[in-house]
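Undergrad: First the structure, then my questions, so here it is.
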Amino acid sequence: MGKWTADRLPSMTGVTVLITGAGGGIGLVTARELARAGAHLVLAVRNVDKARRAVAGMRGDFDVRHLDVADLDSVHAFAASYTGAVDVLINNAGVMDIPAARTAQGLDVQTATNYFGPFVLTGLLLPRLTDRVVTVSSQLHRFGRLDLDDLDWRTRKYNGLAVYEASKLAVVLFSLELQRRLTASGSHVRSVIAHPGVARTGLVTHSPLRFVNRLPFLVQDVEHGALPLMYAATQDVPGNAYVGPDGLFSFTGLPLVRKPSRAGLDGAVARRLWQTTAELTGTGV
């Protein structure tokens, strides 16, 4: 079959894709290419004006709407106001290694952006989803450590990179439990994980790891970083597939179904995490 690139996207005419955090970076590239393939793109973003400028002149059908995924009030308001169809939900919005801060609901901003918000948004939209949920993780989930008694970093000392790693491990476990629940209910909707490898984006702006953007042998451009998201959103992959670059350590390359860490495949922890998250976010189980 050869290597997979955006040129091999199938026709997506009639498909509605809702993607968060698509005002720039891999989210914008993913939205652009899926729209080029014929999909109707709903861009759920914090900065509506920025996103509208970004897609101005692009070929395709775009609907830009406001959503601050870290703010659970915003997530609920978005889900209540959005009445259209959703075939594919891509939970792409994310932040990395940012200073400690709290949301309006008192949650850790980084964990809320990367995990709590996508958890709630997916749950609210799930009754209308017809095809799949794609949630973006990171190879750094392999270093993540979860404390289910302190998921929101209230008693542990805050460390921005450790919080990022933990939130991305939570995403992997979320997908595992979501797929288990979908399968148990007889749903044909699938949950898929994608990660961009090491892509040259603004995500590392606040992190000491920003030096990697200056190492061409470790990093790939945003166009390649977006490919695993496109692949996960369009190809016939199994439920809970983990899609990332095919290169060494999955840092760079073209998309391939790989395996997450052993910790990301722990079903018992995934079920406990789901319960704890539901209680913490007030969304029920």
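Undergrad: If you scan segment 178-192, which residues turn out to be crowded, with 22+ Cβ neighbours inside 10 Å and assigned to a helix (DSSP H, G or I)?
TA: LEU178, GLN179
Undergrad: Where residues in segment 61-108 are among the polar types (S, T, N, Q) and assigned to a loop (DSSP other than H, G, I, E, B), which of them is surrounded by the most Cβ atoms within 10 Å (Cβ to Cβ)?
TA: ASN92
Undergrad: May I ask you to verify whether ALA35 is buried (at least 17 other Cβ atoms within 10 Å of the Cβ) and in contact with a Leu (Cβ under 6 Å, 6 or more places away or on another chain)?
TA: Taking the combined requirement at face value, the residue satisfies it.
Undergrad: Considering THR252, THR183, THR205, which residue is of a type in the set (Val, Ile, Thr), out of contact with any helix residue (DSSP H, G or I) (no Cβ under 8 Å at 6 or more places or on another chain) and modelled with pLDDT of 85 or more?
TA: Answer to the check: THR183.
Undergrad: Another question, if that's okay. Quick one: is LEU121 open to solvent by less than 10 Å² (accessible area, probe 1.4 Å), under 21 Å from GLY23 (Cβ atoms) and under 16 Å from the mean Cα position of the chain (by Cα)?
TA: Taking the combined requirement at face value, the residue satisfies it.
Undergrad: Pick out the one residue from ARG52, ARG32, ARG46, ARG36 that is in contact with a Lys or Arg (Cβ under 7 Å, 6 or more places away or on another chain) and either among the hydrophobic types (A, V, I, L, M, F, W, C) or touching a residue at least 12 places away in the same chain (Cβ under 8 Å) (or both).
TA: ARG36
Undergrad: Taking into account only those residues within segment 43-57 that are surrounded by 14 or more Cβ atoms within 10 Å (Cβ to Cβ) and not basic (Lys, Arg), which is nearest to GLY23 (Cα to Cα)?
TA: Once the filter is applied, the top-ranked residue is ALA51.
Undergrad: Taking the residues in segment 1-14 that are open to solvent by less than 40 Å² (accessible area, probe 1.4 Å) and in a loop (DSSP other than H, G, I, E, B) as candidates, determine which candidate is modelled with the lowest pLDDT.
TA: Among them, the one singled out is TRP4.
Undergrad: Shifting gears a bit: Determine which member of the set ALA31, ALA44, ALA35 is in a strand (DSSP E or B) and either under 27 Å from GLY123 (Cβ atoms) or basic (Lys, Arg) (or both).
TA: Exactly one of ALA31, ALA44, ALA35 is in a strand (DSSP E or B) and either under 27 Å from GLY123 (Cβ atoms) or basic (Lys, Arg) (or both), namely ALA44.
Undergrad: Related question: Search segment 237-285 for residues being under 17 Å from HIS141 (Cα atoms) and among the small types (Gly, Ala, Ser), and hand back the single one that is most open to solvent (accessible area, probe 1.4 Å).
TA: The residue in question is ALA263.
Undergrad: Which of the following residues is polar (S, T, N, Q) and either in contact with a Pro (Cβ under 6 Å, 6 or more places away or on another chain) or modelled with pLDDT of 95 or more (or both): THR20, THR83?
TA: THR20
Undergrad: Further question: Look through ALA70, ALA35, ALA80, ALA112 and report the one residue that is on the phi < 0 side of the Ramachandran plot and touching a helix residue (DSSP H, G or I) at 6+ places or on another chain (Cβ under 7 Å).
TA: The conditions single out ALA70.
Undergrad: Report, by residue number, each residue of segment 129-154 that is open to solvent by less than 50 Å² (accessible area, probe 1.4 Å) and assigned to a strand (DSSP E or B).
TA: Residues satisfying the conditions are LEU129, ASP131, ARG132, VAL133, VAL134, THR135, VAL136.
Undergrad: Out of LEU126, LEU173, I need the residue that is open to solvent by 20 Å² or more (accessible area, probe 1.4 Å), closer than 30 Å to ALA39 by Cα, under 16 Å from the mean Cα position of the chain (by Cα) and at pLDDT 95 or above. Which one?
TA: So the residue among LEU126, LEU173 that is open to solvent by 20 Å² or more (accessible area, probe 1.4 Å), closer than 30 Å to ALA39 by Cα, under 16 Å from the mean Cα position of the chain (by Cα) and at pLDDT 95 or above is LEU126.
The values are calculated or read from the model by the stated rules, or taken from the named source; none is laboratory data. None of the values given here were measured: they were computed from a predicted structure. Note that we place each Cβ from the backbone using ideal geometry, even for glycine, and neighbour counts take in every protein chain shown. For the accessible areas, the whole protein counts, side chains as well, though only heavy atoms, and no ligand, DNA or RNA atoms are used. Shrake-Rupley method; radii C 1.70, N 1.55, O 1.52, S 1.80 Å.
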